Amino acid sequence: MLRMTFWIRRRWFGGALAAAAIGLGAAQAPAAEAVPANQAAPAAQADAGHKPIFAAAGKIRVEVVAGNLSYPWSLKFLPDGSMLVTEKQPPALVRVSKAGEVSPPIKGLPPIFADGNGGLLGLALDPHLADNHLIYLAYSEPGNGTTSGLAVARAQLGEDSLSGFTVIFRQTPKIDDIRNFGGRIAFARDGTLFVGTGDRFRQDLVQDRSNTIGKLIRINTDGSIPGDNPFLGQSGVDPAIFSLGHRNIEGLAIHPSTGRLWEAELGPFGGDELNLPEPTRNYGWPLVSWGRQYEGQAIPRPTTKPYLTDAIFHWTPVISPSGIAFYDGAGIPPWDGNLLIGGLSSTALVRLTLDGERVTSEEKIDMGARIRDVGQGPDGALYLLTDQPDGEILRLTLEEPDEK
């Protein structure tokens, strides 16, 4: 974008929308674990819902399963069909019943830095949850003074409390800033845990392999380093690093057929990315980008540095991608095999069709709210979290297929 006016991506800081612009004009936004397949759907709240939305697949019914959630960030379905939800600020972990009833906050969370992009963030369920009751939480951990950093912990989930809370990863160093924590976590098929981090607005640290700023992390469930991690044993390199050169990872999903990790991250002013992370690869930030710096300065394009790995798809204007999920449910059959992405500044559900590892088409579906997470329920419906102080869990199903 070469015009003299440069727009800055909308961001939420402590619940307030901050928009800034350089130049003339008004600011605008640029840049589930296995459960029984026969579970009944959560009941939508009585007389609660949204107007249907219209997509290429047809008329989509939108039901409100639960509301009054404070900036909900991550949702996972438990084996009994109920839901576990993290709320970013104030930090809280809650259960949501199939009837849409929200529990009091589950006790046992540690102190959490709850400002800007920080708070209680990602959530993952242990592959052996039914036996060990373990869950994993990503959150911003307070440091000395006003510093903070991403942390991941595991704990046993009880009815109304957590026990055995143990930190298994800490991003280093802690930074005096309230932005770009990343925070999405996901289990690989081999039982290791991927952790998406952010650059904490310290671009100077991202290419330094001795820290975990702007890196994709791979660890075992106890925080130890897998024996096949790509940088294990290399002097001066943090052995938890899987790949580097990432700006702010908020989307991670494992492909249901191939088992490969897909990753979405927020770019600067333009240049949001969809990547297929591979061990040791450098994805370029801040050396290259399809966007520009917030102040308008140009950044070299990825094609200028072929030794760096380019995104398989990118967005300018941005969508501000957050949670991502592959869909194969019966609730919206035409979306089978698609990758679905929650859009923040775009207030959209973004649907990508795929041919193997290539994006073949895109549809942006206006949801009228920032979408923080997406996931498939045990009933085959699609579930969304809206990123609002009175956030909602939305359930989407196909009401009337497009007959064209």
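The values are calculated or read from the model by the stated rules, or taken from the named source; none is laboratory data. This one's a predicted model, so the numbers in the text were calculated from it and none came from an experiment. Quick reminder, even Gly has a Cβ in these numbers, built from the backbone with ideal geometry, and neighbours come from all protein chains shown.
Some observations on this one:
- Some residue of segment 282-294 being under 19 Å from residue 196 (Cβ atoms) and in a strand (DSSP E or B): yes
- Scoring residue 239 on the criteria (1) closer than 23 Å to residue 302 by Cβ; (2) in contact with a Phe, Trp or Tyr (Cβ under 6 Å, 6 or more places away or on another chain); (3) in a loop (DSSP other than H, G, I, E, B) leaves a single failure, condition (1).
- Every condition in (1) out of contact with any strand residue (DSSP E or B) (no Cβ under 9 Å at 6 or more places or on another chain); (2) among the small types (Gly, Ala, Ser); (3) not in a loop (DSSP other than H, G, I, E, B) is met by residue 145 except one, and the failing one is (3).
- Which listed residue is farther than 25 Å from residue 243 by Cβ, out of contact with any Cys (no Cβ under 6 Å at 6 or more places or on another chain), modelled with pLDDT of 95 or more and not aliphatic (A, V, I, L, M), from 291, 323, 342, 296: 296
- When the residues of segment 45-85 are filtered to those that are among the aromatic types (Phe, Trp, Tyr) and part of a strand (DSSP E or B), the one that is farthest from residue 183 (Cα to Cα) is 54.
- Residue ID - farthest from residue 147 (Cα to Cα), chosen from residues in segment 103-128 that are assigned to a strand (DSSP E or B), under 22 Å from the mean Cα position of the chain (by Cα) and not small (Gly, Ala, Ser): 125
- Residue among 322, 346, 257, 361 that is polar (S, T, N, Q), buried (at least 22 other Cβ atoms within 10 Å of the Cβ), over 14 Å from the mean Cα position of the chain (by Cα) and not in a helix (DSSP H, G or I): 346
- Residues satisfying the stated conditions in segment 172-205, i.e. out of contact with any strand residue (DSSP E or B) (no Cβ under 7 Å at 6 or more places or on another chain) and either closer than 26 Å to residue 255 by Cβ or crowded, with 21+ Cβ neighbours inside 10 Å (or both): 190, 191
- Meets criteria (surrounded by fewer than 24 Cβ atoms within 10 Å (Cβ to Cβ) and out of contact with any His (no Cβ under 7 Å at 6 or more places or on another chain)) for residue 157: no
- When 311, 330, 369 are checked against the criterion of being under 30 Å from residue 207 (Cβ atoms) and either in a loop (DSSP other than H, G, I, E, B) or in contact with a His (Cβ under 7 Å, 6 or more places away or on another chain) (or both), a single residue qualifies: 311.
- Each residue in segment 148-162 was checked for being in contact with a Lys or Arg (Cβ under 8 Å, 6 or more places away or on another chain) and among the charged types (D, E, K, R), and 1 of them qualify.
- Within segment 86-101, if we keep just the residues that are in a strand (DSSP E or B) and surrounded by 20 or more Cβ atoms within 10 Å (Cβ to Cβ), the residue that is farthest from the chain's Cα centre (by Cα) turns out to be 96.
- Residue match in segment 169-191 (condition: farther than 22 Å from residue 111 by Cα, out of contact with any Pro (no Cβ under 9 Å at 6 or more places or on another chain) and among the β-branched types (Val, Ile, Thr)): no
- Where residue 378 falls short, out of the listed (1) crowded, with 22+ Cβ neighbours inside 10 Å; (2) assigned to a strand (DSSP E or B): (2)
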